[in-house]
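Heads up: the structure comes next, in structure tokens.
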């Protein structure tokens, strides 16, 4: 148990990361190829400001609606006050800067307020989804070292309570913040590389891995969405993701950087496609993000929705699993007014690292492109040479994707071995905090003119290890095997994936 320990003391420092074995000549060649093929994208954006600072700035300039969840709505000023009440509660409960606090339950305004409050007091956010089994809650809170869990529902789900208690985590209801005075301090952001949140992904040992994301990586990803989607204060983003998914962070926060609005969609609406389409129209939602499976269900059920449904939608973002060309064709035909963005990225790199706007010429490809890098990211396609060193790939050559830039996170919390297996000192960009992440994904650069782009773009070809995605959920088959083998009646286990046509 690591409850209350500062996160910085449980991370592998960059100088302790292994070196990626790339010969000097290949280092120069990889840099040159990445630059020539548009796999380096630098853009100056302000990564220093806390999100709460932007919220309070909009509140002072011209207050406007910030967030709604079907139960209530808050303006920017009201959201800022609620966040500061939560900050007082956190400080009263003994939360120290650099430690981890759990926030658990369903999607609600209180989750966003608590997220901003943690930014104020300098602590890290780790979500515990209300739908998780008790064992998952226990593992996440225990590995995160969370001494406190803020619960946002009126009645704490039994599994959430059981898991928190098993992890030795105190439970504090969000309602306790109502009696607190707003906290009056300045946000405790020491530097842009300060760890901001921990999200847990599947692990092959049977225990999840806690990926630590920095403030600057998070904010850079928010601005990447703003830039590539052209988001303004007129946009309304639907928050549909469960709290345990990395996309929940940007869905919850991104519009607040431009004065837009977050619409938190409850599960009973998000899982009913006709009800969801009605909610998108009624609430003026302009940006939606779904896994392709849910995009398919939405298109299947649209004939049962009112005529003209989704007419105000500007963007559909597909993420979490491979986007089929056939599904993209259906979307472009049914929704010509709404762009389709294919997004790809690992949790370890602050969420998405590539974007691709799907167009009709892309549909002739066997597999759609995942595109080119988001701002301030650097992508390298490398292959193992005969001498076991790494070499840069040419266009159309299959290799493994490596990610550099400010998006790369700190590694896995309290897990130096698995950190050292996936994170390296960046040989291509020499800087004190330069890290390179090995995605484990096979990709290739498509030549200019393939699909709808006049420049090379990346195409995803699958995992190089045994990690898979099912309905947008990333998991390792080895983790499932390890859990099965914990049962006293199981001597050995093997897990494979089958695809069925229904």
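Numbers at a glance
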{"quantity": "Footprinting exposure proxy for 202, 191 (fewest neighbouring C-beta atoms within 10 Å first)", "calculated": "191, 202"}
{"quantity": "Mean separation of Cα contacts under 8 Å, 6 or more apart, over the residue count of the chain: relative contact order %", "calculated": "17"}
{"quantity": "Computed P(r) (all Cα pairs; segment 1-122; 5 Å bins; percent)", "calculated": "2, 9, 13, 13, 13, 11, 10, 10, 9, 7, 3, 0"}
{"quantity": "Packing-based ranking, highest mean first, of 370-378, 358-366 given that Cβ atoms within 10 Å are counted", "calculated": "370-378, 358-366"}
{"quantity": "Relative contact order of segment 129-270, pairs being alpha-carbon contacts under 8 Å that are 6 or more residues apart, as %", "calculated": "17"}
{"quantity": "Mean Cα-pair separation over length for segment 84-202, i.e. relative contact order, pairs under 8 Å, 6 or more apart, %", "calculated": "35"}
{"quantity": "From the C-alpha gyration tensor of the chain, square roots of 5λ in Å", "calculated": "33, 28, 24"}
{"quantity": "C-alpha center-to-center spacing [segment 97-172, segment 371-424] in angstrom", "calculated": "31"}
{"quantity": "Proxy reagent accessibility, fewest Cβ within 10 Å first, across 379, 340", "calculated": "340, 379"}
{"quantity": "Diffusion constant of segment 324-477 at 25 °C, which comes from Stokes-Einstein with the Kirkwood Cα-pair radius and 0.890 mPa s, µm²/s", "calculated": "147"}
{"quantity": "Inter-probe distance in nm under a simple model that places probes 7 Å from Cα toward Cβ, at residue 496 and residue 166", "calculated": "3.1"}
{"quantity": "Sorted by Cβ density within 10 Å, fewest first, the residues 37, 215, 337", "calculated": "337, 37, 215"}
{"quantity": "Spatial separation of Cα centroids for segment 244-258 and segment 270-341, in angstrom", "calculated": "19"}
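Each value in this text was obtained by applying a stated rule to the coordinates, not by laboratory testing. Everything quoted here is computed from the prediction, not taken from an experiment. Neighbour counts are summed over all protein chains in view; Cβ atoms, including those assigned to glycine, are modelled from backbone coordinates with ideal geometry.
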